[in-house]
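Okay, so here's the structure we're looking at.
Every number in this text was worked out from the coordinates using simple rules, so none of it is lab data. Here the structure is a predicted model, which is why all the values come from computation and not from measurement.
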Amino acid sequence: MTKPPHLILRLLVLVLLVSLSTAEIKTLTITNDARAMILFEKFGFTPTGRVTISVSSVSVASSLNARNPVPSRLGFFLLSEESLLQVSLEIQQTPNLCVLDSHYILSLFTFRDLSPPPLSSFNQSYPVTAPNEYSLFFANCEPETRVSMSVKTEIYNLDRDGSRDYLSAGLTQLPWLYSLYFLAYAGFLGLWIYVLYSNKRSVHRIHLLMGGLLLMKALNLICAAEDKHYVKVTGTPHGWDVLFYIFQFIRVVLLFTVIVLIGTGWSFLKPFLQEKEKKVLMVVIPLQVLANIASIVIGETGPFIKDWVTWNQVFLLVDIICCCAIIFPIVWSIRSLRETSKTDGKAARNLAKLQLFRQFYIVVIGYLYFTRIVVFALKTIAAYKYQWVSNAAEETASLMFYMVMFYMFRPVEKNEYFVLDEEEEEAAELALKDEEFEL
């Protein structure tokens with residue numbers, strides 16, 4: 001009797017949801033784990049790919065006293081995405097089949113190859129000559145059996161000069177890609193400082209926050225570039241991952257805060273926030289703290305931890321809630337301007353504000369849709385060699401969003417907020433009666 005097939009199938013399907021790994025050198029400890037299969041990494045190999053696995057302090061305990069675990073039914077293997085369906089069908093058709101006996105996997109070693117106890121260990125490097133995207137699994141086909149062990153994995157491709165590249169074949173371009181966008185944001189920040197200096201009288205507190213957002217985005221990108229560079233070359237981030245997560249946290253909180261504050265009209269339309277607007281910030285900021293904690297757990301661990309899927313679900317749920325929450329202040333401002341326009345007699349001014357906020361609403365919706373849905377679709381459908389394209393698309397969309405948002409709400413003396421054309425006042429009043437601004 002083997003493990004229930006539905007448990008194995010669930011984990012096999014999980015492969016489709018896991019992004020390509022940076023495959024930095026990882027050391028982890030598994031303690032009393034009874035899972036039928038454990039997914040360690042997902043990596044895109046070139047024809048010069050290699051997998052090195054070191055296993056030590058191995059112990060296997062079965063709660064079935066009638067028999068001892070069979071060592072050949074516990075072990076490591078590689079599985080390509082193309083073979084995923086065949087393995088799934090094979091397990092469904094043959095419920096008692098151990099995945100290690102499948103013809104569609106690339107078996108690495110089983111516990112039969114371990115050194116004798118009590119210091120059971122194994123260390124071996126395997127070439128991967130068929131370029132493809134593979135997932136590294138540990139399989140436990142023994143029922144009621146718990147495994148404890150220390151595992152160290154090194155997955156990499158060899159460059160032409162013989163040096164190791166620990167980034168997946170589809171992600172090896174990330175260091176220069178992030179460096180390029182860092183230069184773009186650094187130039188953007190310099191331009192923004194120049195605009196603020198040239199329009200000192202029109203600068204509001206929100207404009208300073210926007211400048212801080214650009215600074216955090218630039219620092220986040222340079223840390224990402226250094227992080228990926230060191231992982232690519234050495235297999236470890238050398239502490240750059242810590243700086244990356246710090247600046248990512250500040251940047252994401254600032255981004256959502258700036259969108260909410262612009263949506264409320266804070267500092268350039270009114271010097272205060274209403275109670276309901278404060279509540280939005282009180283919801284968004286703590287949720288972003290939780291989202292960043294989930295992001296760190298997802299990024300620094302991997303699918304081998306038991307709660308990895310749960311952390312992914314938490315991150316997705318929190319992100320959706322925050323994306324919905326930041327839309328409300330923009331809608332409230334549009335409705336408030338419509339109500340105000342009926343009584344203050346400044347139709348042209350209010351029409352210009354309404355148009356600006358409506359445009360901002362559309363821009364925010366487009367940005368959230370592209371970076372959450374389109375980028376995910378690109379990651380899913382793109383070949384493993386071109387996974388970097390989704391990162392480039394996300395960074396390009398973010399840069400365009402920043403540029404449009406900063407242009408719309410730039411500090412100039414005569415912009416849409418201060419337009420008053422008495423000749424167009426009557427036309428503006430007619431336009432405000434139209435329902436096009438109802439959301």
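Coupling constants for segment 187-195 follow from the phi torsions by the Karplus curve (6.51 cos²θ - 1.76 cosθ + 1.60, θ = phi - 60°), and in residue order they are x, 4, 5, x, 5, 5, 4, 5, 5 Hz; glycine and proline get x. Based on the alpha-carbon gyration tensor of segment 188-326 and its eigenvalue square roots a ≥ b ≥ c, which shape applies: rounded if a/c is under 1.5, prolate if not and a/b is larger than b/c, or oblate? It is oblate, given that a/c is not under 1.5 and a/b is not larger than b/c.
Rounded to whole numbers, the Karplus 3J(HN,Hα) couplings from phi for segment 25-35 are 4, 10, 10, 9, 10, 10, 10, 6, 9, 9, 5 Hz, using 6.51 cos²θ - 1.76 cosθ + 1.60 with θ = phi - 60°, and x at Gly and Pro.
Legend: distances between Cα atoms for K200/K353; K353/K379; K217/K306; K200/K278; pairs beyond 30 Å are K353/K379; K217/K306.
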